[in-house]
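Visitor: Once you've had a glance at the structure underneath, I'll fire off some questions.
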Amino acid sequence: MADDLGAPLGLATSRRRWWRRLPFGLVGGIAIGVVATVMGVWVLFIDDPAGGEPTAVVRIDRSKTGVPPAEVAVAGAPRPANADGSDLATSLSPTTPGLSEAKPVGGERPLEPVQPAVRAPEVAEGQPLSTSPIQRVSEKTRFGILPRIAADGSRPLDVYARPTPRRAVSNARVVLIVGGLGISQTGTQEALRVLAPDVTLGFAPYGASLDRWVSRARSDGHELLLQLPMEPFDYPDNDPGPHTLLTGAGPEVNGERLQFLLGRLTNYVGIVNYMGAKFTANDPALTAAMKDVAGRGLMWVDDGSSSRSLAEATARTTRTPFARADVVIDGVAADDMIQARLAQLEQMARAKGIAVGTASALPITLRHLERWTKGLEARGITLVPVSAAAREGQG
């Protein structure tokens with residue numbers, strides 16, 4: 001018989017239950033030890049300063065940049081060369097005249113000379129905007145490619161600016177900044193679909209596929225701003241995100257955080273605060289950060305959300321190209337309130353000559369902005385990029 005009754009006593013049972021005699025405690029202990037050893041070796045020997053933080057892989061496309069190929073700085077390329085054959089790593093070194101150091105910046109770093117007036121864009125109207133970083137205003141660092149002032153005085157603000165549309169002298173002008181892009185794939189795609197090229201786009205530094213969205217936005221003709229997370233009064237209950245600039249962190253720590261954030265995007269003309277009511281009300285912290293931003297040839301935009309912000313006065317002191325929002329369009333995301341704020345923005349533009357409005361890429365906001373921008377010219381108002389506000393001397 002093939003069952004237990006036909007087998008010698010206890011033999012079948014022993015063959016079928018041999019696994020019950022294994023020392024499971026010893027086997028489990030060995031497995032845990034192996035896992036702990038591997039993790040320890042990883043922590044000790046793998047150098048990943050950005051471990052656990054969001055990352056973006058930037059794809060550099062040399063086509064459709066609007067600039068000669070020799071002007072494009074390629075991240076990660078093995079010792080690329082300039083047009084004259086010299087080494088790119090040398091040309092982007094901190095020793096180049098007029099550049100700041102690539103090491104972490106702090107309050108002691110000397111301020112680069114910044115002219116109060118912003119020069120006209122280097123790209124003529126009708127030409128495509130660059131989608132890859134331009135060599136002479138780029139600096140290779142451990143945080144990636146950062147903006148810098150070139151040896152000839154060119155700034156990213158000048159090089160990446162969009163030309164202002166031709167207009168009648170009597171026309172009022174409006175700057176429209178839409179932020180919060182890069183986080184939601186659907187929201188970013190919809191904003192790029194419906195917003196006019198003269199709308200300035202603000203990208204958060206934490207989104208996925210940032211290189212793809214930046215390239216798409218620049219190809220569509222948009223000027224870009226980098227949204228910098230700054231400390232609000234209720235921090236950390238209200239946390240803008242990793243690498244937030246903090247009033248108590250000190251200039252050296254904030255300087256390193258700033259470099260990390262600046263390396264998340266390319267081809268932008270300046271920064272705009274994300275939250276930051278407490279930070280922008282703190283003169284020492286704000287001054288140190290603004291000097292770092294101005295020293296890299298960028299403009300500073302205040303989103304207008306805090307009445308306690310010292311940004312405008314600090315920009316005058318540090319000679320930083322500056323613009324401040326006159327109207328927050330969707331502070332209350334309701335149809336009637338958005339319409340009222342857009343009407344207010346038009347009135348301010350007619351009264352001042354140029355007015356700045358900020359908004360978020362909310363579905364309700366995008367619907368109103370799409371309709372509103374299409375009728376601006378008929379109402380005698382011209383939509384212009386944010387660099388135009390700096391050229392008008394707002395700051």
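Read-outs throughout are calculated quantities, based only on the coordinates presented, and are distinct from any laboratory measurement. Computed from a predicted model, the values in this text were never measured in an experiment. Note that each Cβ is placed from the backbone with ideal geometry, even for glycine, and that neighbours are counted across all protein chains shown.
Visitor: Summing Lys, Arg as +1 and Asp, Glu as -1, what charge do residues with Cβ under 10 Å from the Cβ of residue 300 carry, residue 300 excluded?
Guide: Values: positive: 324; negative: 302, 312.
Around residue 300, the charge tally is -1.
Visitor: By its C-alpha gyration tensor, with a ≥ b ≥ c as the square roots of the eigenvalues, how is segment 194-241 shaped: rounded for a/c under 1.5, else prolate for a/b larger than b/c, else oblate? Write out the running numbers ahead of the final one.
Guide: Details: a/c = 3.72, a/b = 2.20, b/c = 1.69.
Verdict is prolate for segment 194-241.
Visitor: Could you work out how far apart the two model spin labels at residue 351 and residue 253 are, taking each label as a point 7 Å from the Cα in the direction of the beta carbon, and quote it in nm?
Guide: 4.3
Visitor: Using amide H atoms built 1.01 Å from N in the peptide plane, name the residues 5+ places from residue 309, or on other chains, whose amide H lies under 5 Å from its own.
Guide: When sequence neighbours closer than 5 places are left aside, there are no close amide H contacts.
Visitor: Also, quick follow-up: For residue 179, which sequence-distant residues (separation of 5 or more, or a different chain) have an amide H within less than 5 Å of its own amide H, given hydrogens modelled in the peptide plane?
Guide: Hits under the 5 Å cutoff: 202, 359, 360, 361.
Visitor: I've got another one for you. What's the exposure ranking of 364, 134, 329, going from fewest to most Cβ atoms within 10 Å?
Guide: Values: 364 13, 134 23, 329 27.
Exposure proxy ranking, most exposed first: 364, 134, 329.
Visitor: Next up: Note the full-extension length gain between residue 377 and residue 189 as 0.36 nm times their separation in residues minus their Cα-Cα distance, in nm to one decimal. Show your work: numbers first, answer last.
Guide: Numbers: separation 188, 0.36 × 188 = 67.68 nm, distance 2.52 nm.
Extending this stretch completely gives an extra 65.2 nm.
Visitor: Going by how many other beta carbons lie within 10 Å of each one, how would you line up 337, 230, 299, fewest first?
Guide: Numbers: 337 13, 230 26, 299 30.
The most exposed by this proxy come first: 337, 230, 299.
Visitor: Which value in nm describes the separation of the simple spin-label points at residue 339 and residue 37, placed 7 Å from the Cα toward the beta carbon?
Guide: 7.2
Visitor: Considering the Cα positions of segment 356-395, please state its Rg to one decimal place and its Dmax as a whole number of Å.
Guide: Spelled out, the Cα radius of gyration and Dmax of segment 356-395 are 12.2, 33 Å.
Visitor: Under 5 Å between amide hydrogens, which residues at least 5 positions from residue 324 or on another chain qualify, with H placed 1.01 Å from N in the peptide plane?
Guide: For residue 324, whose amide H was placed from the backbone, the distant partners under 5 Å are 302.
Visitor: Only loop residues by DSSP count here, and only those with at most 14 other Cβ atoms within 10 Å; note down the trypsin sites (Lys or Arg not before Pro) in segment 135-208 that meet that. Working shown, then result.
Guide: Values: sites: 136, 140, 142, 148, 166, 167, 173, 193; in loops: 142, 148, 166, 167.
Loop-located and lightly packed - 142, 166.
Visitor: Let me ask something additional. Rounded to the nearest 0.05, what FRET efficiency is calculated for residue 212 and residue 30 with R0 set to 56 Å and r the Cβ-Cβ distance? Working shown, then result.
Guide: On the way: r = 46 Å, r/R0 = 0.82.
For residue 212 and residue 30, the calculated efficiency is 0.75.
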